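Working notes for the structure below.
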Amino acid sequence: MAHKFLKQLLVFVAAVLTGCTTNMDYHIVGSGTETVTEVVYETVYEEIEVPVYIEVEVPADPGLIWIDSFIQPQSVDGVDILWIIDTSGSMNRYDAQLMAGIEAMLLALPESGWRLAMMSNDPPQASIESQFPLVPGDDAVDAENMYNNMGRGHSEEGFDAAYEYLINNTYAQTWLRYDAALLVVFVSDEEEQSDAHFSSVDGFISWYQGLRSGSVYLSSIVNLDPSESLCNTNSYNNGDRYVEATEHFGGQIVDVCSEDWSAGVVDAASRLEPYEYLQLTYEPIEESIRVFINGALNYDWYYSSTDNTIYFTIIPGGNDLVEIGYRYFPDEGGDTGDTGLDTAV
């Protein structure tokens, strides 16, 4: 009897010593004349909340994000420039802006290596235009004489006119240089209406980008949508086809209603030379500046706060897409000038 009591006491002590961490069920089992207590333990898991602290740095005012970008021009020997101009009667009111814009381009072009011709956006007229192009040394008076003497028509077919001059004009073949870059500037206050060679914008783009080994550029001075234009009130006159093609080539687009086309024209001319530096649109938060070339982070540059400019220590290659992203405060510094290269995010 004493032996059985001792066993039960030991079992009870064990249960007490472990009871703080487990729930215990037990019952009496016996074999013959001896009975023992079998202890059954049940493990219980209880979920408790443990706070976790993650430190994250959040600027009080991170500013806005801006991206200036450009496609690096190819290095080429010279450039042939065509101004394909709407010669319908409604364009007469823009003669002053046209001549000022062409003069601005003449002044912005390099000292050598360029040739510039003007023609109507009427395809039959473009196919027979036969004036020798302007060359370095010519001035605004020479440009005005060319404009006054060029053929005129009433069609609004800039794409087809470009084709006729570049492909079918026998006189043009005497001066066009196929180892030079090519810049076409479309000028019109109506929509592009080609239907012979290029009924679609994609068709024109495909043809044009195949010229000059891809060293081609495009700019347009046209009616923008009424929501953006300074004078256009009828969307029927939007130069949407010109705009679509120009955007494909990353070119400059100018509102034909602007009183001064010079800034856009100068930008179009400057894109013919490789960029060695770029003035930013806004004054950046300097430590936020990041430069990407074809999507890859690049470090071959430095920033000058004196003139708000990125200078490249290794010049990006031809056709490289260069993107300069940064944060800025819109109420500090302000816009340093419309580079025409801007993308807001």
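The values are calculated or read from the model by the stated rules, or taken from the named source; none is laboratory data. Just so you know, these numbers come straight off a predicted model, no measurement behind them. Every residue, glycine among them, receives a Cβ derived from its backbone with ideal geometry; neighbour counts consider all protein chains shown.
Just for region 226-275: of the residues that are among the acidic types (Asp, Glu) and at pLDDT 90 or above, which one is nearest to the chain's Cα centre (by Cα)?
Looking at residues that are among the acidic types (Asp, Glu) and at pLDDT 90 or above, I get GLU247.
Go over the candidates ALA143, ALA196 one by one and state the one that is touching a residue at least 24 places away in the same chain (Cβ under 8 Å) and not in a loop (DSSP other than H, G, I, E, B).
Result: ALA143 is the single residue among ALA143, ALA196 that is touching a residue at least 24 places away in the same chain (Cβ under 8 Å) and not in a loop (DSSP other than H, G, I, E, B).
Among the candidates GLU287, GLU244, GLU259, which residue alone is within 28 Å of LEU109 (Cα to Cα), out of contact with any strand residue (DSSP E or B) (no Cβ under 8 Å at 6 or more places or on another chain) and exposed (fewer than 13 other Cβ atoms within 10 Å of the Cβ)?
GLU259
Looking at (1) at pLDDT 90 or above; (2) in a helix (DSSP H, G or I), which is the one condition that is false for ILE310?
Condition not satisfied by ILE310: (2).
Residue-wise test of (1) of a type in the set (Ser, Thr, Tyr); (2) touching a strand residue (DSSP E or B) at 6+ places or on another chain (Cβ under 8 Å); (3) within 23 Å of VAL79 (Cβ to Cβ).
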{"residue": "ALA100", "(1), (2), (3)": "no, no, yes"}
{"residue": "GLU111", "(1), (2), (3)": "no, yes, yes"}
{"residue": "LEU116", "(1), (2), (3)": "no, yes, yes"}
{"residue": "MET119", "(1), (2), (3)": "no, yes, yes"}
{"residue": "ILE128", "(1), (2), (3)": "no, no, no"}
{"residue": "VAL141", "(1), (2), (3)": "no, no, yes"}
{"residue": "ASN145", "(1), (2), (3)": "no, no, yes"}
{"residue": "GLU156", "(1), (2), (3)": "no, no, no"}
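Identify all residues within region 275-311 that are among the hydrophobic types (A, V, I, L, M, F, W, C) and without any contact (Cβ under 8 Å) to a residue 24 or more places away in the chain; write none if there are none.
ALA296, LEU297, TRP301
Check whether at least one residue in region 132-139 is in contact with a strand residue (DSSP E or B) (Cβ under 7 Å, 6 or more places away or on another chain), within 18 Å of LEU272 (Cβ to Cβ) and surrounded by 21 or more Cβ atoms within 10 Å (Cβ to Cβ), and report yes or no.
Yes: region 132-139 contains one or more residues that are in contact with a strand residue (DSSP E or B) (Cβ under 7 Å, 6 or more places away or on another chain), within 18 Å of LEU272 (Cβ to Cβ) and surrounded by 21 or more Cβ atoms within 10 Å (Cβ to Cβ).
Here is a yes/no grid of residues against (1) β-branched (Val, Ile, Thr); (2) within 14 Å of ASP86 (Cα to Cα); (3) out of contact with any helix residue (DSSP H, G or I) (no Cβ under 8 Å at 6 or more places or on another chain); (4) modelled with pLDDT under 95:
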position	(1), (2), (3), (4)
SER155	no, yes, no, yes
GLY158	no, yes, no, no
GLU164	no, no, no, no
ILE167	yes, no, yes, no
THR170	yes, no, yes, no
LEU176	no, no, no, no
PHE186	no, yes, no, no
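Identify, please: which residue in region 313-333 is assigned to a loop (DSSP other than H, G, I, E, B) and either loosely packed, with under 12 Cβ neighbours inside 10 Å or aromatic (Phe, Trp, Tyr) (or both) and is, among those, modelled with the lowest pLDDT?
Residue satisfying both the conditions and the ranking: GLU332.
Check region 294-302 and report whether any residue there is at pLDDT below 90, under 30 Å from ILE81 (Cβ atoms) and in a loop (DSSP other than H, G, I, E, B).
No, region 294-302 has no match at all.
Given the conditions (1) surrounded by 22 or more Cβ atoms within 10 Å (Cβ to Cβ); (2) out of contact with any Lys or Arg (no Cβ under 9 Å at 6 or more places or on another chain); (3) assigned to a helix (DSSP H, G or I); (4) not small (Gly, Ala, Ser), which single one is not true for PHE159?
(2)
Out of ASP61, ASP68, ASP77, which single residue is among the charged types (D, E, K, R), more than 29 Å from PRO284 (Cβ to Cβ) and either out of contact with any His (no Cβ under 7 Å at 6 or more places or on another chain) or modelled with pLDDT of 75 or more (or both)?
Being among the charged types (D, E, K, R), more than 29 Å from PRO284 (Cβ to Cβ) and either out of contact with any His (no Cβ under 7 Å at 6 or more places or on another chain) or modelled with pLDDT of 75 or more (or both) holds for just one of ASP61, ASP68, ASP77, which is ASP77.
Could you check, for region 185-202, whether at least one of its residues is surrounded by 24 or more Cβ atoms within 10 Å (Cβ to Cβ) and hydroxyl-bearing (Ser, Thr, Tyr)?
Yes, region 185-202 contains at least one residue that is surrounded by 24 or more Cβ atoms within 10 Å (Cβ to Cβ) and hydroxyl-bearing (Ser, Thr, Tyr).
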